[in-house]
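Scroll down for the structure; my scribbles are underneath it.
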Amino acid sequence: MSSTPLNSEIVKQKIQENKIKNVGNASIREVKKLIDDIEKATGEKFVRMEMGVPGLPPTQIGIEAQKKALDKGVAAIYPDIFGIQPLKEEIARFVKNFIDLDVSVDGCLPTVGSMQGSFAVFMTLNRMHKEREGTLFLDPGFPVHKQQLRVMGQTWEAFDVYNYRGEKLRAKLESYLSTGRFCTLLYSNPNNPSWICFTDEELQIIGELATKYDVIVIEDLAYFAMDFRKDYSKPGVPPYQPTVAKYTENFVLLISSSKAFSYAGERIGMLVISDKIFHSTAPDLLRYYNTERVGAALIFGSIYSLSSGTSHSGQYALAAILKAANDGKLNFVEVVKEYGEKAKIMKKMFTDNGFKIVYDKDIDKPIADGFYFTFSYPGFTGAELLGELLYYGISAITLDITGSERTEGIRACVSLVPRAQFPLLEQRLKAFHKNHKS
Ligand SMILES: Cc1ncc(COP(=O)(O)O)c(C=O)c1O
C-alpha cells in the first residue's frame, strides 16, 4: 500500500470512532469534528477547507463602535425589533451606494445573521398563499437553507443551474414557476459553492419571471461585491453589485456582514425588502399572524417570535461599518480581495497535480477567483475523494450536500488556509497525485 502523509491507521480509527459510515455524506460540522480528532491524535495540522468562515480579522471600526455602545449601557435595553434608526438609514444608503437601488428605510431590517433573515422570510413569505408550497432553489446552494425549510415543515424544489446559464435559464425556470407551486425563489450570488455569478441578462430573466408568476426572489448576497473581476468598491460609482432588484419589485435582499466585514461572530446581517412586498397584503397570512400586512407580519410576527430583534451593540457596530463604507472611508472590498488572490494560487496547485476544477466556467469565461472553488480528481466520486484526502491531511466538503449534480465534486473554502501553509498543501497534493495517477 502506498504511504500517505498522515498515519492511515489513526485516520481509519477516528472515522470509526466518529461513527461516520460515509465521509462524503457527513455534514460540514461532522467533518470538522472528525478532522479535529485526527489532528489531535496524529499531531499533524490539516489544510482545512471545509468551513466557510472568515479568515480575516473583524473590521476594527465595528469593534470600536460596539465597545462604545456597550459602555453607554445599550446592553440593558431592548432594541426596537425593526432596528435602530441610524443602522436602518445606513443600510438604505449602502444599498443606494453599492447596488444603485432606492429602498425605503422601513424595509431595511437588521437580523441575527443573514441566516435569521432567510428563516424569517421563509416563515412569512411562504405562507402568503395557502395553495402554494414553498421555495425554488437555484442550486448548488447552502444546505442550511433547506434545513430551515425542513424544520418548519415547508417544501422546496431545486435544480442545478450550471447547465442552464444565459438565455437557457428562461425555459427551465419557467417550467418550474409556471406550475404555481412556489411562493419564493432563492439563490446566492456569487454562488456558494460554485462561485458562478449571474449576469444582468440572467438576473433580468429571473426578475421578469418572478413578476410574471408572482413569486418573490430572495437574493442571498452573502459574498457581497466579491466578484473581484469587477470593482464594486466605490460608493455611488458604477459598476454596482448586480441584483435582480433592477428587474422586479418582488425581491428581498439578504446581505451578510460575516464575510464582507469579517463580522460573523456578532451574528448581525441585513434584510432588505422591497416597498411593494413590504406594503402588500395577503389574507392567507391570517392563518399564522394577526395581520395580513406582509411587512408587519415579517417584523411583529416572525422576527418578534424568533429573537425580538438583533443585538443592540451589534447594530451600532454595523451602522459604523456601513457609514465608513458609505462615506468612502472604508474600502471593504480591498480587504477581502485576499480571498481571491489565495484562490488563484491554490487552484493552480490543484490543477498542476491532476485535479480538475468542476464548475470551471462562468458561461463562456473562466470562473472567478473567490471564497470557494470546486475540484475533482479523475476516477473518484466526490465522496471517495473526500475520504481519500483525509489521509493526505486535506479537508473539504462534497458537492453532494449542496444540491449539485456534479457528484464527482468537492468544495474548497480558501479562507482558513494561511499562505504559510501553501508549501504543505502543494507537497500533499503532489503526494496524492504520485499515488493515484494512472
Ligand atoms: C450563501 C450563504 N448564505 C448565508 C450565509 C450565512 O450568513 P450569516 O453568517 O450572515 O448568517 C452563508 C455563510 O456561509 C452563506 O454561504
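Just so you know, all these numbers are worked out from the coordinates, no wet-lab data involved. Every value quoted in this text rests on a predicted model; they were computed, and no experiment measured them. Cβ coordinates were reconstructed from backbone atoms using ideal geometry, including for glycine residues, and neighbour counts include every protein chain displayed.
Treating the angle as unsigned and between 0 and 90°, give the value, to the nearest 10°, between the Cα long axis of helix 85-99 and the longest Cα principal axis of the chain. Tilt of helix 85-99: around 60 degrees.
Rounded to the nearest whole Hz, the Karplus-based 3J(HN,Hα) values (6.51 cos²θ - 1.76 cosθ + 1.60, θ = phi - 60°) of the range 102-111 follow the sequence 8, 10, 8, 4, 4, x, 9, 10, x, 9, with x at glycine and proline. Annotation: average projected area of the range 315-428 is 9.6 square nanometres, based on the convex hull of Cα atoms across all directions. Here's the picture: charge each Lys and Arg Cβ at +1 and each Asp and Glu Cβ at -1 in the range 60-326, and of Gln147, Ile216, Leu173 the one pushed furthest to the positive end of that dipole is Gln147.
Centre-to-centre separation between the Cα atoms of the range 363-438 and those of the range 91-120: 34 Å. Using +1 at the C-beta of Lys and Arg and -1 at the C-beta of Asp and Glu, which of Gly62, Gly382, Leu322 has the Cα lying farthest in the positive direction of the dipole of the chain? With unit charges placed on the Cβ atoms, the residue in question is Gly382. Sparse packing (at most 11 other Cβ atoms within 10 Å of the Cβ) combined with a DSSP loop state is found for the following trypsin sites (Lys or Arg not before Pro) in the range 94-164: Lys130. Each part reduced to its alpha carbon centroid, the range 269-298 and the range 174-248 end up 21 Å apart.
Note that the range 17-66 shows a convex hull volume over its alpha carbon atoms of 124 Å³ per residue. Evaluated at q = 0.07, 0.14 Å⁻¹, the base-10 log of the normalised Debye intensity for the chain, with identical point scatterers placed on the Cα atoms, takes the values -0.35, -1.32. Of all beta bridges that DSSP places with both ends in the chain, some 50 percent have antiparallel geometry.
Check each of the trypsin sites (Lys or Arg not before Pro) in the range 1-30 and keep only those in coil by DSSP with at most 12 other C-beta atoms within 10 angstrom; list them in order. Display every interim value, and only then the final one.
Working: sites: Lys12, Lys14, Lys19, Lys21, Arg29; in loops: Lys19, Lys21.
Here the sparse-neighbourhood loop sites are Lys19, Lys21.
At q = 0.28 Å⁻¹, what log₁₀ I(q)/I(0) does a Debye calculation on the Cα points of the range 37-103 give, no solvent, two decimals? Computed log10 I(q)/I(0) values: -1.17.
The trypsin sites (Lys or Arg not before Pro) of the range 303-407 that DSSP puts in a loop, and whose beta carbon has at most 10 other beta carbons within 10 Å, are Lys329.
For the range 93-140, a Kirkwood hydrodynamic radius built from all Cα pairs, placed in the Stokes-Einstein relation at 37 °C and 0.692 mPa s, yields a translational diffusion coefficient of 251 µm²/s. Within the listed set Ala282, Ala210, Ala75, the residue fluctuating most in the Gaussian network model of the chain (springs between alpha-carbon atoms under 10 angstrom) is Ala75.
Between Arg229 and Ile77, the modelled label-to-label distance comes to 4.7 nm, taking each label 7 Å out from Cα in the direction of the beta carbon.
Scalar couplings 3J(HN,Hα) for the range 206-223, obtained by applying the Karplus form with A = 6.51, B = -1.76, C = 1.60 to θ = phi - 60°, are 4, x, 4, 6, 4, 5, 4, 9, 6, 10, 9, 8, 9, 9, 8, 9, 5, 10 Hz; x denotes Gly and Pro.
Scalar couplings 3J(HN,Hα) for the range 377-388, obtained by applying the Karplus form with A = 6.51, B = -1.76, C = 1.60 to θ = phi - 60°, are 9, x, x, 10, 7, x, 5, 5, 5, 4, x, 5 Hz; x denotes Gly and Pro.
A helix-only calculation puts the chain at -11500 deg cm²/dmol for mean residue ellipticity at 222 nm, using -39500 (n - 2.57) for each DSSP H run of at least four residues, averaged over all residues.
Highest mean first, what order results for 373-380, 100-107, 234-241 on Cβ atoms within 10 Å?
Put in order of decreasing packing, that is 373-380, 100-107, 234-241.
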